[in-house]
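K.L.:
To start, I am sharing the structure in question, which I have written as C-alpha cells.
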Amino acid sequence: YSLGPTDPKKEVKCCEGLLLKDPLNAFRDDCEAGEGFGTVCIACGDSMCDSTYESTCNCPEDCE
C-alpha cells in the first residue's frame, strides 16, 4: 500500500499490482467521495479486504 501525494498538480503512479483509489476515509455512508483526502494505491482485486484502506465503496470486489 502506498499513499499518493495530495497535491493535485503531481502525477500519481502506483507500484505494479496496485490500483489508484480514493482512501477509505474519503467516503460518506452513501459511498459518495469527499474532497481533500488525496489518493491511495491499494491491492484491490486480491480477494482480501484490508480494512485500513479498502471498503465496499472503493474496493467492492474484495469487501463484500
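K.L.:
What does the net charge come to around Leu19 if you take all other residues with beta carbon closer than 12 Å to its beta carbon, with K and R at +1 and D and E at -1? Spell out each step's value before the answer.
P.N.:
On the way: positive: Lys13, Lys21; negative: Glu16, Asp22, Asp46, Glu54, Glu61, Asp62.
After counting each charged neighbour, the total is -4.
K.L.:
Within 10 Å of each residue's Cβ, count the other Cβ atoms and sort Phe27, Phe37 from fewest upward. Can you show the working numbers first?
P.N.:
Working: Phe27 17, Phe37 14.
Ascending Cβ contact count within 10 Å gives the list Phe37, Phe27.
K.L.:
Working out 0.36 nm times the residue gap between Leu19 and Phe37, then minus their Cα-Cα distance, what length gain in nm do you get to one decimal?
P.N.:
Working: separation 18, 0.36 × 18 = 6.48 nm, distance 1.62 nm.
Gain on extension, Leu19 to Phe37, equals 4.9 nm.
Values quoted throughout were computed directly from the atomic coordinates according to the rules given, and no laboratory measurement underlies them. From a predicted model like this one, the values you see are computed outputs, not experimental measurements. Reconstructed Cβ throughout: ideal geometry from the backbone, glycine too, with neighbour counts over all protein chains shown.
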